[in-house]
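For reference, the structure discussed in these notes is given below.
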Amino acid sequence: MKTKKLLKNWSQALLTELSVWAALCLLLAPVQLKSQPAHPVSVEAKHAGVTAQIDVLGQAFRAPAPVARDQARIIVYRTNDNRLPGATSIFIDDRYHASLVRGAWSALCYRVGNIEIGARQMDAANRPKDLVDAITVTRLEGGTTHYFKVQDVNGRPVMQPIPAVRAQQENSAALEQIHTVSRIAQECRIDNSPQRQRVTEEITLGAHTLFAFDRSDPAAMTEQGVRSINDMVDKIQRDFLDLEHMHLIGHADPLGKKDANEMLGINRARTVKQYIERRSLPGVRITTEGRGDREPIVTNCSPIDTPESIRCNLPNRRVVVQVTGIKRNLNQ
């Protein structure tokens, strides 16, 4: 009798969950969500003659804290511009995790190693329950958050890996999908060790190595300057586990007119940014700023434009790169 009662309770819970899925599909089929969904969003589900309001979407997205080294975090999300009908059900290693409507995200912590992420579009209940539309094979790294976006590929949902910075930007207005319970999620263990905290480091590139004197355009970049940028990018990729933001600040020396120095500083930063974007680091947010001659390092040079003054002002001509992210623990 106890077993029958448990089976009955389980069946009732499953029917309730399926009714929510059906309500979601009906809700999404005839209309399109606005650019930002209301908070919270709920649907009606009827069970045993009782109508209940079930919350579908919960809290807004926030960048998560680092997890323990023997875990990985997976964040799956679906943007508002995704036009697949109904909800997208997500399966990890053939086990159900969540169903996403447009403008929603969901997270779980999971084991490190190779996994399969399946996606199935729940627009009707006329196919076998566990038949997925597409499977993405990936490897989860310990202590890392991996982002996957629902993409519409020829009418099928495909889970595409997305760099962290881009995913966080796309997810900024999303709300958490909360109407179902993951069958596989582990308890997340947060890593609060100093090695896992976000840091900002500065790297200074000498403008005399980057550009010909008094120049800032791509054609004026020197071979030595290109090598120095490549070396910097390689070092950043080695040192940072999760790179969030690069801010480039262009500086000029005080020789010449102030307006010209302002433009020289910002254009140097912009040219370096353009080269980095072509070189690598896809999805990383890169911003630029020019400070002209307002922050000199050396202040005792002659204000007269002479060869000696040009050499004296050499440290003032530079591009400072501020790098923000989570560094690797190179001792492990």
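Qualifying GluC sites (Glu not before Pro) in the stretch 139-246, where qualification requires a DSSP coil assignment and no more than 14 other C-beta atoms within 10 Å, comprise Glu141, Glu187.
For the peptides 304-311, 162-169, the ranking by mean Cβ contacts within 10 Å, running from highest to lowest, is 162-169, 304-311. Loop-resident chymotrypsin sites (Phe, Trp or Tyr not before Pro) (DSSP state other than H, G, I, E or B) in the stretch 205-282 with no more than 13 further Cβ atoms inside 10 Å of their Cβ: Phe213. Computed in the context of the full set of protein chains, the accessible area of the stretch 234-295 at 1.4 Å probe radius has 48% of its extent on carbon or sulfur. With the simple model of a label 7 Å out from the Cα in the direction of the Cβ, Phe213 to Thr306 spans 1.4 nm. In this structure, the amide hydrogen of Gln71, modeled 1.01 Å from its nitrogen in the peptide plane, lies closer than 5 angstrom to those of Gly143, counting only residues at least 5 positions away or on a different chain.
Database remark: amide H of Asp133 closer than 5 angstrom to the amide H of Ala119, Arg120, Gln121 (H placed geometrically; neighbours at sequence offset of 5 or more, or on other chains; Pro and chain starts carry no H).
The values are calculated or read from the model by the stated rules, or taken from the named source; none is laboratory data. These figures come from a predicted structure and were not determined experimentally. So basically every Cβ, Gly included, is an ideal-geometry build from the backbone, and we count neighbours across all protein chains shown. Note: accessible area is taken over every heavy atom of the protein model, side chains too, but ligands, DNA and RNA are not part of it. Shrake-Rupley method; radii C 1.70, N 1.55, O 1.52, S 1.80 Å.
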